[in-house]
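The values are calculated or read from the model by the stated rules, or taken from the named source; none is laboratory data. What you are looking at is a predicted structure, and each value in this text was computed from that prediction instead of being measured. So basically every Cβ, Gly included, is an ideal-geometry build from the backbone, and we count neighbours across all protein chains shown.
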Amino acid sequence: MFEERKDRSFPCGQEAGIQGAGCCSGRPEDFAEEFEAERLQMGYVQAYYAMFHAARTLLYHQGYREKSHYCLILAMKSFYVSKGVLEMRLVESLQMAKALREGADYENTFDPESAKALVAQAQEFVQVAEGVIARD
């Protein structure tokens, strides 16, 4: 499925994934401050990208790299959900975060409740991704 889309083999991905795993730690806490300061748009963006980079690290760990945000979501389903490593709800959270971030960036739409939920989802997603990398 990935070869038909834009994902490609990435031979040094496992090494990059291991090195990059630390890049996501602490990021949810970074954007919690943004949320509290009512800078909701930045909170959306940072929450999404914390999830995006955690998912990207997981994909690197499989030896692939993404060519689009959409294909990264497909890769998470194929490599991790289908094998029971990630729950589908986590990938759905990533997909929702992408939509919310796009709304905040391009349509200037955001609200405190969805921002608060997104922060919690991003924290969980990053923690689970770090756990997957640590187990492997």
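Residues to consider are Ala75, Ala117, Ala122, Ala104; find the one that is among the small types (Gly, Ala, Ser) and free of Cβ contacts under 8 Å to residues at least 40 places away in the same chain. Please lay out each step first, then the result.
Details: Ala75 fails: free of Cβ contacts under 8 Å to residues at least 40 places away in the same chain; Ala122 fails: free of Cβ contacts under 8 Å to residues at least 40 places away in the same chain; Ala104 fails: free of Cβ contacts under 8 Å to residues at least 40 places away in the same chain.
Every option except Ala117 fails the conditions.
Which of (1) modelled with pLDDT under 95; (2) in a helix (DSSP H, G or I); (3) surrounded by fewer than 15 Cβ atoms within 10 Å (Cβ to Cβ) is the odd one out, the single condition Ala115 does not satisfy?
(3)
Tally up the residues in segment 36-51 that are of a type in the set (D, E, K, R) and either in contact with a strand residue (DSSP E or B) (Cβ under 7 Å, 6 or more places away or on another chain) or at pLDDT 80 or above (or both), please.
Qualifying residue count for the region: 0.
Given (1) under 26 Å from Leu40 (Cβ atoms); (2) within 13 Å of the chain's Cα centre (by Cα); (3) assigned to a loop (DSSP other than H, G, I, E, B), identify the lone condition not met by Val91.
Status for Val91: all satisfied but (3).
Mind checking whether some residue in segment 101-112 is touching a Pro at 6+ places or on another chain (Cβ under 9 Å) and part of a helix (DSSP H, G or I)?
The answer is no; no qualifying residue exists.
Restricting segment 94-131 to residues that are of a type in the set (Phe, Trp, Tyr) and out of contact with any Ser or Thr (no Cβ under 9 Å at 6 or more places or on another chain), which is farthest from Gln46 (Cα to Cα)?
Ranking the candidates gives Tyr106 first.
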